[in-house]
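Report on the following structure.
The values are calculated or read from the model by the stated rules, or taken from the named source; none is laboratory data. Everything quoted here is computed from the prediction, not taken from an experiment. Note that each Cβ is placed from the backbone with ideal geometry, even for glycine, and that neighbours are counted across all protein chains shown.
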Amino acid sequence: MKPIPLNAPMLEVARRIIWFEPAPQALAQPARFLAYAMTYARHEDMQIIRRYVSDDDIREALNLVPAGIMDPRSWAYWNCKMGRYPAPPLPRRSIPTTGSLLAGSHSAHRTAAVPAAADADEVRRRAREEWLAKYGPDKHR
């Protein structure tokens, strides 16, 4: 994903959207910044962001959204806006159970049916592939 410029308008928008960290730090991770922007930005903020971010950049950011940032409504809206309907599954955090933590390592208690937290990227990759196979761009024509 291409970097987002560190100019005055973008720094101001970044300060508003990701208020809890310095704006240059927020813009250093474009996919994470866009996830927050797609969830919390005002219309005016998105107009500024869209000067520097293309539809392809947003699609790429949607593929890289960290779990726990976007809410279901924003996820559905931006996927629909980018031509991905129905939307693939929203990325989710996986929290190990207390029993597995007491055992020392939650990876020791993996089952084939329930992937461990360490396998979240693999689960997300598989879900995306299944979604693309079922609903990809060629399926709507």
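Could you list all residues from segment 1-47 that are of a type in the set (F, W, Y) and closer than 22 Å to M82 by Cβ?
The first filter runs over segment 1-47 and keeps only residues of a type in the set (F, W, Y), leaving 19-20, 33, 36, 40.
Across segment 1-47, the qualifying residues are F33, Y36, Y40.
Residues in segment 54-67 that are among the aliphatic types (A, V, I, L, M) and farther than 12 Å from W78 by Cβ: L64, A67.
Residues in segment 77-89 that are within 22 Å of E122 (Cα to Cα) and surrounded by 15 or more Cβ atoms within 10 Å (Cβ to Cβ): N79, R84, A87, P88.
Name the helices (runs of 4 or more DSSP H) wholly inside segment 50-141 in which the number of residues that are touching a helix residue (DSSP H, G or I) at 6+ places or on another chain (Cβ under 8 Å) and at pLDDT 80 or above is 1 or more.
On the way: elements: 55-63, 72-81, 98-102, 120-135.
In segment 50-141, 55-63, 72-81, 120-135 are the helices (runs of 4 or more DSSP H) which contain 1 or more residues that are touching a helix residue (DSSP H, G or I) at 6+ places or on another chain (Cβ under 8 Å) and at pLDDT 80 or above.
The residues in segment 49-68 that are aliphatic (A, V, I, L, M), crowded, with 17+ Cβ neighbours inside 10 Å and under 22 Å from R128 (Cα atoms) can be counted, and the count is 4. Filtering segment 1-48 to residues that are in a helix (DSSP H, G or I), buried (at least 17 other Cβ atoms within 10 Å of the Cβ) and not hydrophobic (A, V, I, L, M, F, W, C) leaves P30, R32, Y36, T39, D45.
Taking first residues from segment 3-30 that are outside the structural domain of Q47 (by TED's automatic domain parsing) and partners that are assigned to a helix (DSSP H, G or I), no Cβ contact under 6 Å between residues at least 6 apart in sequence or on separate chains turns up. Restricting the search to segment 3-61, which residues are hydroxyl-bearing (S, T, Y) and farther than 18 Å from P91 by Cα? Result: Y52, S54.
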